[in-house]
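Trainee: First the structure, then my questions, so here it is.
The values are calculated or read from the model by the stated rules, or taken from the named source; none is laboratory data. Quantities reported herein were computed from a predicted structural model and do not represent experimental measurements. Cβ placement follows ideal geometry from the backbone for every residue including glycine, while neighbour counts extend to all protein chains displayed.
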Amino acid sequence: MVAIDCEMVGTGPGGRTSALARCSIVGYHGDVMYDRYVRPPAPVVDYRTRWSGIRPHHMDSAVPFLTAQREILRILSGKVVIGHSIHNDFKALKYFHPKALTRDTSKIPLLNRKGGFPENVAISLKRLTKALLHQDIQVGSSGHSSVEDARATMELYKVVETEWEQHLMQNPQQE
């Protein structure tokens, strides 16, 4: 069981295409299993630093996308993967993980209920973390830390792990 978070930069015309620029994977206890900067195949047009935390110098030591993708998929293979709006991370990785092994903390009504939010609305990782874990993440102007976000996602999952996994066992066709 691992949690993943990716940071993206903009490539293509106007920097509108999201491309993977950093990927962090943590284990069940928050231990960092992978944390690397990734060089997109296309030139970076917009670093989106305010959100991504990515700056031009990070690309100096970044691994090429295909290398990173190979390393990351080796770690994810056969594991339950937890993420927040995880479809964005998988899209950036150009990858589809088996639905039965995917847990998206942005789509768990139980988490929203415990946090006092409407069940059918995707609440930001920052708000869920504040409400349920009493922690402030994504603060400051230097952008998000994908390690911090992956750890927060894992901790949120643990809040509802027992109930969620029981629900999934009883309703295997649902998320």
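Trainee: Check I54, I86 and return the single one that is at pLDDT below 95, surrounded by 14 or more Cβ atoms within 10 Å (Cβ to Cβ) and either under 18 Å from the mean Cα position of the chain (by Cα) or among the β-branched types (V, I, T) (or both).
Mentor: I54
Trainee: Out of the residues in the range 49-63 that are assigned to a helix (DSSP H, G or I) and of a type in the set (A, V, I, L, M, F, W, C), state the one that is nearest to G15 (Cα to Cα).
Mentor: Ranking the qualifying residues of the range 49-63, first place goes to W51.
Trainee: Looking at the range 34-51 only, could you name the residues that are of a type outside the set (V, I, T) and surrounded by 15 or more Cβ atoms within 10 Å (Cβ to Cβ)?
Mentor: Within the range 34-51, Y34, D35, R36, Y37, R39, P40, D46, Y47, R48 qualify.
Trainee: Next question. Taking L111, is it assigned to a helix (DSSP H, G or I), farther than 21 Å from L168 by Cα and under 19 Å from the mean Cα position of the chain (by Cα)?
Mentor: Considered against the rule, which asks whether it is assigned to a helix (DSSP H, G or I), farther than 21 Å from L168 by Cα and under 19 Å from the mean Cα position of the chain (by Cα), L111 comes out as no.
Trainee: Considering the range 5-48 alone, what residues qualify as being of a type in the set (D, E, K, R) and in a strand (DSSP E or B)?
Mentor: D5, E7, R22, D35, R36, R39, D46
Trainee: Kindly indicate which of V159, V147 is touching a residue at least 40 places away in the same chain (Cβ under 8 Å), in contact with an Asp or Glu (Cβ under 9 Å, 6 or more places away or on another chain), surrounded by 14 or more Cβ atoms within 10 Å (Cβ to Cβ) and assigned to a helix (DSSP H, G or I).
Mentor: V147
Trainee: Another one. Restricting the search to the range 64-86, which residues are over 19 Å from L125 (Cβ atoms) and in a helix (DSSP H, G or I)?
Mentor: F65, L66, T67, A68, Q69, R70, E71, I72, L73, R74, I75, L76
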